[in-house]
1. Set the Förster distance to 35 Å, then compute FRET efficiency between Trp227 and Arg272 from the Cβ-Cβ distance, nearest 0.05.
2. Can you tell which of Leu175, Ala266, Thr189 lies farthest toward the positive end of the dipole of the range 153-272, using +1 and -1 charges on the Cβ of basic and acidic side chains (Lys, Arg; Asp, Glu)?
3. Based on other C-beta atoms within 10 Å, arrange Met127, Met225 from fewest to most.
4. Would you calculate the separation in nanometres between label points at Ser261 and Thr327, each defined as 7 Å from the Cα along the Cα-to-beta-carbon direction?
5. At what distance in angstrom do the alpha carbon centres of the range 317-344 and the range 260-279 lie from each other?
6. Which of Thr329, Thr143 has the fewest other C-beta atoms within 10 Å, and how do the rest follow up to the most?
7. Label points 7 Å out from Cα along the Cβ direction at Gln309 and Gln210: separation in nm?
8. Arrange Leu304, Leu175, Leu138 by Cβ neighbour counts within 10 Å, fewest through most, would you?
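Just so it is clear, none of the values below were taken in a lab; they were calculated from the coordinates. Computed from a prediction, not measured in an experiment: that's the story for all the values here. Positions of Cβ are generated from backbone atoms using ideal geometry, with glycine treated the same way; all protein chains shown enter the neighbour counts.
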Amino acid sequence: MIVPVAGATVLVARTAGTHPRSAGQVQPAGRSPATRAASVRHAASRTQAAGTQTAAGTQTAAGTQTAAGTQNISVRQAVAASQAALAVVGGPSQVAGAALANAATGRVLWSVGLNTERPIGSIVKVMTALVVIQAGDLNREITVPGSVIAYLDSQNGPSTAGLIVGDRLTTLELLEALLLPSGCDAAYTLAQAYGPGIGPFIAKMNAEAQRLGLTGTHFSNFDGMPWPSEYSTWSTPANLITLGRYAMSYPVFRAIVGQVSYTLPAGDGHHRYVWQNTNPLIGAYPGAAGIKTGDTQAAGNCLLFEATQHGLTLIGATLGTPGDDITATGPVATQVLNWGFSQF
């Protein structure tokens with residue numbers, strides 16, 4: 001049942017000629033692991049030239065939610081439409097912050113706390129992946145360091161990819177381990193290799209955030225774990241939309257996060273690994289293509305997501321969804337996307 005949500009903002013855009021369209025293609029969820037792996041390798045071969053432009057038209061300010069073509073909507077119509085859409089997520093207790101946008105243009109269609117800074121958990125790993133992808137050399141072979149054990153032991157229940165110390169994996173394989181099972185061990189291994197070292201790597205993350213204009217974002221770590229504190233890393237729904245659009249412009253990133261799972265057979269220098277995508281929409285919601293989950297005690301359950309239906313691509317973020325685990329974000333994101341696809 002639709003119930004008004006206090007503090008939500010909605011953009012009404014069902015006017016003639018305002019239907020946005022995206023050229024993005026969704027990866028079929030039912031492909032075999034071998035086919036998916038081949039598509040990721042193919043995307044990696046193209047990544048040096050892709051995604052090098054800042055997503056045009058992204059809107060990050062609270063006052064940018066009125067789009068051309070909507071000014072003539074009467075106040076009565078706008079209020080009526082808002083009342084029907086404010087409870088996209090079912091009530092004020094369902095999210096602490098959220099946004100939904102047209103992925104092609106960045107136009108924000110609906111939001112709650114659009115520019116409010118909040119912890120985001122492992123959505124941090126989107127920036128971790130971006131820094132690594134931009135550095136290139138995705139076939140570089142990296143050895144899982146012994147120091148990762150002490151790091152994981154210092155954290156409270158970190159998610160891992162089960163990496164084994166001494167295994168040699170390529171950067172591309174470590175990106176799979178980073179983004180699908182949300183491996184903090186993979187994040188640590190990549191940060192050590194591409195900083196080189198933790199401090200320099202985090203500095204690169206913040207430099208990239210500044211370059212993208214993410215003024216409401218700060219990184220104190222590379223994996224979203226609550227260190228040095230629960231609130232030392234933060235972002236906003238608006239900034240996450242910008243970050244997500246930019247990350248998804250890289251074919252290699254898009255190919256990885258659109259997979260249900262990835263299997264790395266045992267090979268020379270490494271064990272066999274099977275990594276499942278933590279995103280509850282992948283393989284379950286029609287057209288879902290990514291992108292990343294996150295959760296800590298302070299952040300709650302968070303999801304940055306994208307889906308395409310009938311040529312329209314929507315990207316959204318939900319922060320602070322209550323629940324026992326990350327699967328709680330699935331029904332909430334589904335409601336947001338269903339509303340978006342029905343309205344625009």
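1. So, using R0 = 35 Å, E works out to roughly 0.70.
2. Comparing the listed Cα positions along the dipole, Leu175 ranks first.
3. Result, fewest neighbours first: Met225, Met127.
4. It is 1.5 nm.
5. The distance from the Cα centre of the range 317-344 to that of the range 260-279 comes to 28 Å.
6. So the ranking, lowest neighbour count to highest, is Thr143, Thr329.
7. Taking the simple label geometry, Gln309 and Gln210 are separated by 4.2 nm.
8. Going from sparsest to densest Cβ surroundings: Leu138, Leu175, Leu304.
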